[in-house]
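Asks: Here's a structure for you.
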Amino acid sequence: MKASTRDAYPFLSGKEEEVRRLQAELEDVRNFTESIIQSIGSGIVLTQMDEIITYVNRAGENMLGYTKEDLVGKPFSISGLREKRSIVHSLLDHPDELDMRKEGWMKRKDGTEFPVGFTTNSHVSTAGETIGKIVIFRDLTKVYKIQEEILRMDRLVSLGKLASGIAHELRNPLAGIKTTAQALSEELSPDDSKREYLNRITKEIDRLNDLLKTFFSFAKPQKLNLVPCHIKDIINEIIPFLIKEIADKGIRFEENYHPQLPKIKVDKSQMHQVFLNLFLNSIQAMSEGGELKIEVTPQNSGPGEGPKQNFIKAVVSDTGRGIPPHLIHKIFDPFFTTKPKGIGLGLSIAYQIINKHGGSISVDSRWEKGTSFVIHLPESTDNL
C-alpha cells in the first residue's frame, strides 16, 4: 500500500499547521484593524497616487451619502472637496501642507454641501514608498451652528447696549419738541392753517416714540412673568387681530394641535409678541393668498445633545415667496430686513424671547415655495 505524502514527509504537517495559524492570526489582525477604522466617527478615504479612491469607511459613506461601491474606483473629485478661501484642485498639489488641519466644504450625493474639517496625509507602504493619500474629514455642521449662535448672541448684546444708549439720547429731545409743538398749537386759532403742520410734527414724534419702544424691547427685554398655559390658548388670543387680514388676502388658515399637549410655562405677553410677529411675516409673504399653518406636537427631548427634557414643537409655516438661500442665515440678526419699511428687529426680539424661555427657534425655507419657523419650548414642570 502506497504511503500518503503526510506519512512520507511528516515534517510538512507541522509547517501546514504553522501556516494556518499565521493566516488565522493575520485575519484576526485585519478584522481588528477594520473594526477600529469602521468605528471611527471621522470619514476616512484612501486614494491611489492618481487620486482614484480605493477605500472609504462607514462614516465617510454616511456623510457623503454614497455607498462604498459608489466611491471605490471613482476619482476623489466626486466628493466635491474645496478648501476654505481657496479651491483644492488636487490633493497632490501642496505636499508641504500635508498633516495640517484645514476647513472647507464637501458635497453629498444629493448635491448639498456641508462644512468639514479635514487633513490629507501621505499613504506610505511598509517599504517606505508613498502609494497614495489618506483624507480624514469630519462634518462641522453642528460646530458652525454653535459658532453662529455665539456670534449672534454677542451681536445682540453689543447692539442692545448701542440701541439703549441711542434711544435714551433721542427720547428727551423728542419729548421737548412734542411739548413745544403742542404749546404752539394752543396759541394758534382753530382755523389757522399752521395747525396742520404742528399736528404732523406731533404725529411723527409719536411714530418715533413707537420706534423707540421697539428699540427698548430689543435692548432691554422685560423680565419674564412665567405662568403655566396651553399654547393653543396663546394662539387663540392673537388670531382675532389677524383674521381680517387673513381673509382679505385669501389666505387659508389651519391649526393642528396634538390631543395630548402638555402645558408650557411662559410669559404670555412676550409669547404673544413672538407668534404675532411670525404670523405677520407669513401673511406679508403671501400677498396673493396661500396657506398659513401652525402645527404643535409634543417631543420627548429638544434639539441638540444636551440634557434630555420634554418639549413642545410648534411649526409656523406658509406657502409664500420664501427666503433667498444667501440671506437665510441673517434673518435673526438685528436690523436685517428685506421689507422697505421694516427696521429688522421683529425676529431678533422673537429670538431673544424664545432663548430666555430655554427654547430654540430655527427656520427652514425654500425660495418661491414657502417658509417654516420651528420653535421648541420646554414643558412646564407643573405637568410633572
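The values are calculated or read from the model by the stated rules, or taken from the named source; none is laboratory data. Worth saying up front: this structure is predicted, and the values here are computed from it rather than measured. Note that we place each Cβ from the backbone using ideal geometry, even for glycine, and neighbour counts take in every protein chain shown. Ligands, DNA and RNA are excluded from the accessible area calculation, which covers all protein heavy atoms including side chains. Shrake-Rupley method; radii C 1.70, N 1.55, O 1.52, S 1.80 Å.
Asks: Based on the Cβ-Cβ distance from T119 to N172, what FRET efficiency comes out when R0 is 56 Å, to the nearest 0.05?
Replies: 0.45
Asks: Another question, then. Using 0.36 nm per residue of separation minus the Cα-Cα distance, give me the extension gain between K142 and N355 in nm, one decimal.
Replies: Additional length available on full extension: 74.9 nm.
Asks: D364 label point, 7 Å along Cα→Cβ, cut-off 13 Å on backbone N: hits in region 259-297?
Replies: Those under the cut-off are 295.
Asks: Report the local net charge at E27: Lys and Arg +1, Asp and Glu -1, summed over other residues whose C-beta lies under 13 Å from its C-beta. Write out the running numbers ahead of the final one.
Replies: Working: positive: R20, R21, R30; negative: E25, D28, E34.
The answer is 0.
Asks: At 1.4 Å probe size, with no ligands or nucleic acids counted, give the accessible surface of E16 in Å², nearest ten.
Replies: 80
Asks: How do the peptides 63-72, 190-199 rank, highest first, by the average count of neighbouring beta carbon atoms within 10 Å per residue?
Replies: 63-72, 190-199
Asks: How would you rank 18-31, 114-127, highest first, on the average number of other Cβ atoms within 10 Å across their residues?
Replies: Final packing ranking: 114-127, 18-31.
Asks: Okay, moving on. Could you sort out which of K145/K369; K84/K356; K268/K293; K249/K313 sit more than 32 Å apart by Cα distance in this structure? If you can, show how the numbers build up before the last one.
Replies: Values: K145/K369 24 Å; K84/K356 34 Å; K268/K293 21 Å; K249/K313 28 Å.
From the list (K145/K369; K84/K356; K268/K293; K249/K313), the Cα-Cα distance tops 32 Å for K84/K356.
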